[in-house]
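Each remark here refers to the structure printed beneath this line.
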Amino acid sequence: MVHGDLLSYLRAEPGLTLVAYSPLLSGGYVRADRPLGPEFDHAGTAARLSALRSVAAETGATANQVVLAWLMGGEIPVVPLVGASSVAQLDESLAAVDLELTAEQRARLDEAG
């Protein structure tokens with residue numbers, strides 16, 4: 001998780017890059033058999049997942065692609081470090097590079113939960 005102090009530091013040091021390790025939470029966004037862990041179980045989780053699913057439906061993208069596009073296209077771009085166990089998973093992740101979220105979609109994701 002990234003906290004405000006780290007984001008402030010990155011704003012002050014634009015030469016640094018933030019890397020997100022395992023941002024797809026081992027399939028937690030898309031696989032019923034891999035639910036999000038207890039560290040993600042809080043009052044805002046349902047609203048965040050709802051916003052994610054809504055944006056995914058609007059864009060025709062997968063939830064994973066929306067997560068990756070949101071990370072890469074933010075005010076402070078984040079380099080997502082993803083793993084893939086199949087070519088299909090790799091293709092899905094790579095397609096997120098071309099997904100451009102609207103300002104309204106990004107705001108909904110930012111403000112959820």
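Of all residues in the stretch 75-98, those satisfying the criterion of being outside any loop (DSSP other than H, G, I, E, B) and out of contact with any strand residue (DSSP E or B) (no Cβ under 6 Å at 6 or more places or on another chain) are VAL87, ALA88, GLN89, LEU90, ASP91, GLU92, SER93, LEU94, ALA95, ALA96, VAL97, ASP98. Can you tell me which residue in the stretch 103-113 is farthest from the chain's Cα centre (by Cα), limited to those that are hydrophobic (A, V, I, L, M, F, W, C) and surrounded by 13 or more Cβ atoms within 10 Å (Cβ to Cβ)? Going through the qualifying residues, I end up with ALA112.
Give me a count of the residues in the stretch 22-74 that are outside any helix (DSSP H, G or I) and either out of contact with any Gly (no Cβ under 8 Å at 6 or more places or on another chain) or not basic (Lys, Arg) (or both). Even if it seems obvious, please write down each step before you answer.
Keep residues of the stretch 22-74 that are outside any helix (DSSP H, G or I), which gives 22-24, 28-37, 41-44, 60-62, 73-74.
This time we only want the ones that are either out of contact with any Gly (no Cβ under 8 Å at 6 or more places or on another chain) or not basic (Lys, Arg) (or both), so: 22-24, 28-33, 35-37, 41-44, 60-62, 73-74.
Of the residues in the stretch 22-74, 21 are outside any helix (DSSP H, G or I) and either out of contact with any Gly (no Cβ under 8 Å at 6 or more places or on another chain) or not basic (Lys, Arg) (or both).
VAL78 falls short of the stated requirement of being under 18 Å from ALA112 (Cβ atoms) and open to solvent by 30 Å² or more (accessible area, probe 1.4 Å). For the stretch 45-60, the criterion of being out of contact with any helix residue (DSSP H, G or I) (no Cβ under 8 Å at 6 or more places or on another chain), loosely packed, with under 11 Cβ neighbours inside 10 Å and over 25 Å from LEU10 (Cβ atoms) is met by at least one residue. Evaluated against (1) modelled with pLDDT under 95; (2) in contact with a Leu (Cβ under 9 Å, 6 or more places away or on another chain), GLY27 falls short on exactly one condition, (2). The residues of the stretch 81-102 that are farther than 17 Å from GLY28 by Cα, open to solvent by 70 Å² or more (accessible area, probe 1.4 Å) and in contact (Cβ under 8 Å) with a residue 24 or more places away in the chain, listed by number, are VAL97, GLU100.
For the stretch 19-29, the set of residues classified as touching a residue at least 40 places away in the same chain (Cβ under 8 Å) and surrounded by fewer than 16 Cβ atoms within 10 Å (Cβ to Cβ) consists of VAL19, TYR21, SER22, listed by residue number.
The values are calculated or read from the model by the stated rules, or taken from the named source; none is laboratory data. Since the structure is predicted, the reported quantities are computational estimates derived from the model, not experimental observations. Neighbour counts are summed over all protein chains in view; Cβ atoms, including those assigned to glycine, are modelled from backbone coordinates with ideal geometry. To get the accessible areas, we keep the full protein, side chains included, count just its heavy atoms, and leave off ligands, DNA and RNA. Shrake-Rupley method; radii C 1.70, N 1.55, O 1.52, S 1.80 Å.
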